[in-house]
1. List pairs: first in the range 117-137 and within 18 Å of LEU103 (Cβ to Cβ) and of a type outside the set (Ser, Thr, Tyr), second surrounded by fewer than 17 Cβ atoms within 10 Å (Cβ to Cβ) and modelled with pLDDT of 90 or more, Cβ under 7 Å, 6+ apart or cross-chain?
2. For the range 142-172, what are the residues that are in a loop (DSSP other than H, G, I, E, B) and in contact with a helix residue (DSSP H, G or I) (Cβ under 7 Å, 6 or more places away or on another chain)?
3. How many residues does the range 315-332 contain that are exposed (fewer than 15 other Cβ atoms within 10 Å of the Cβ) and part of a helix (DSSP H, G or I)?
4. Residues to consider are TYR69, TYR83, TYR106; find the one that is in the same structural domain as ALA198 (by TED's automatic domain parsing), among the aromatic types (Phe, Trp, Tyr) and closer than 23 Å to ILE172 by Cβ.
5. From the list GLY127, GLY111, exactly one residue is part of a loop (DSSP other than H, G, I, E, B) and surrounded by 21 or more Cβ atoms within 10 Å (Cβ to Cβ). Which is it?
6. Could you identify the single residue in LEU118, LEU113, LEU122, LEU103 that is at pLDDT 95 or above, among the hydrophobic types (A, V, I, L, M, F, W, C) and more than 19 Å from LEU143 (Cα to Cα)?
7. Which one of these does ALA316 not meet: (1) without any contact (Cβ under 8 Å) to a residue 40 or more places away in the chain; (2) under 15 Å from the mean Cα position of the chain (by Cα); (3) not assigned by TED's automatic domain parsing to the domain that holds ILE136?
8. Being touching a residue at least 12 places away in the same chain (Cβ under 8 Å), closer than 30 Å to LEU77 by Cβ and not aromatic (Phe, Trp, Tyr) is true for just one of ALA311, ALA328, ALA269. Which residue is that?
Amino acid sequence: MFTLFEYPVTFDLNEILLFTVFVLFIIGFVGQMCYYWLIFRKLAFYKANKSPRQEQAVSVVISARNEYYNLKRNLGLLLEQDYPEFEVIVVNDSSEDDTRELLDFYTRRYGNLKVFNLEQNLNFFKGKKFPLSLGIKSAKHELILLTDADCMPASNQWIREMQQNFNDNTDIVLGYGAYEKKAGLLNKLIRFDAFHIAVQYLSFSLSGRTYMGVGRNLAYRRNLFIDQKGFSSHYKIHSGDDDLFITSVATRKNSAIHVNKPSHTISVAKTTYDSWVYQKKRHFVTGKYYKKGIKKLLGFYSISKFILYFAFIPLAIMNYNLIVAGAALLLVLVSQQIIYKKCAEKLDESDLLLFSFFLDVVMVVMNPLIYFSNFVTKPDKWK
């Protein structure tokens, strides 16, 4: 206690700290509500354009390295799509398994398959960008549709669906790449993480802020790739063949999304935590190259969610404005469930809703741990 102009003033440190935590909690609350109802609602209530469009020829491009078993499972499904004019280009990136022999077999069987075999050490950039560039530049059609060797199209209408949104003003179409549904916590974490990331990039795209796509299911014009000199601006970065390219070429008006279930691809999920964490570490490496405005928006979304959850704990323990804080948290969780439910219906992930709060909290903790682990060790290879 001290005297100021003869009036006693008392400072209670605990009260100040709790008030600060409460202010941070309110910031987190406002932030989360803004993201859910100003941005993520774009995907939740999105209605696709159902007007038929002229079917354009498509080139499907895949980069594969030691993918014999995945190609054996998925390549036939790609080559037998129900579509009038398309080719499938597979660039075999110095595989050491039986990939080359398998591709030779498919080449004899399918006239719409084109194969390029890269010899060992030719791909000195050690990533997907060189083989993808080779495949895209050799494509004979203007519309390029990208996927991975371990991806299965959800239907034989995948190509038809993904090319629907191309028009005179559209250069990029973002699709959804799901993961195979299996039992276990790891599978649910991987699928929820992919779903959560998709809610973000698809909603931002609908808001005119396209910043990424996923190479598992992504389409763009060949001329866009050629005019922008492909991946030349980020060739030395092993990853980023999808998000870094898209963030460099997307404008407010040249992108569209397509999320109908037949347009999805389904990938094999990682089966160990170490392999999944390594994959996420690679993704975080590319994130620092996004445009500043996008990085701030994504950063504040993650920070506000972290603050909301963890600032509530001391408020609840100390019973500080608990009614207000509890009501605010409940309002966020209800909003989250409404938005997630609508988005999950579009992305065929409704089974995750029952566990969404738990999975959300787990990812709030794991994401910063994985992000900061890159300052200690960085991933140094694609595959």
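1. Between residues of the range 117-137 that are within 18 Å of LEU103 (Cβ to Cβ) and of a type outside the set (Ser, Thr, Tyr) and residues that are surrounded by fewer than 17 Cβ atoms within 10 Å (Cβ to Cβ) and modelled with pLDDT of 90 or more, the close pairs are ASN117/ARG100; LEU134/PHE116; GLY135/PHE116.
2. Keep residues of the range 142-172 that are in a loop (DSSP other than H, G, I, E, B), which gives 142, 147-150, 154-157, 164-171.
Hits for the range 142-172 are GLU142, ALA149, ASP150, ALA154, SER155, GLN157, ASP171.
3. 9
4. Values: TYR69 fails: closer than 23 Å to ILE172 by Cβ; TYR106 fails: closer than 23 Å to ILE172 by Cβ.
On inspection, the qualifying residue turns out to be TYR83.
5. Numbers: GLY111 fails: surrounded by 21 or more Cβ atoms within 10 Å (Cβ to Cβ).
After ruling out the rest, the residue left standing is GLY127.
6. Details: LEU118 fails: at pLDDT 95 or above; LEU113 fails: more than 19 Å from LEU143 (Cα to Cα); LEU122 fails: at pLDDT 95 or above.
That would be LEU103, the only listed residue that is at pLDDT 95 or above, among the hydrophobic types (A, V, I, L, M, F, W, C) and more than 19 Å from LEU143 (Cα to Cα).
7. Result: ALA316 fails condition (2) only.
8. Details: ALA311 fails: closer than 30 Å to LEU77 by Cβ; ALA328 fails: closer than 30 Å to LEU77 by Cβ.
Every option except ALA269 fails the conditions.
The values are calculated or read from the model by the stated rules, or taken from the named source; none is laboratory data. Predicted model, so just to flag it, every value in this text is computed and none were measured. Methodologically, a virtual Cβ is constructed for each residue, glycine included, from the backbone with ideal geometry; neighbour enumeration extends over all protein chains shown.
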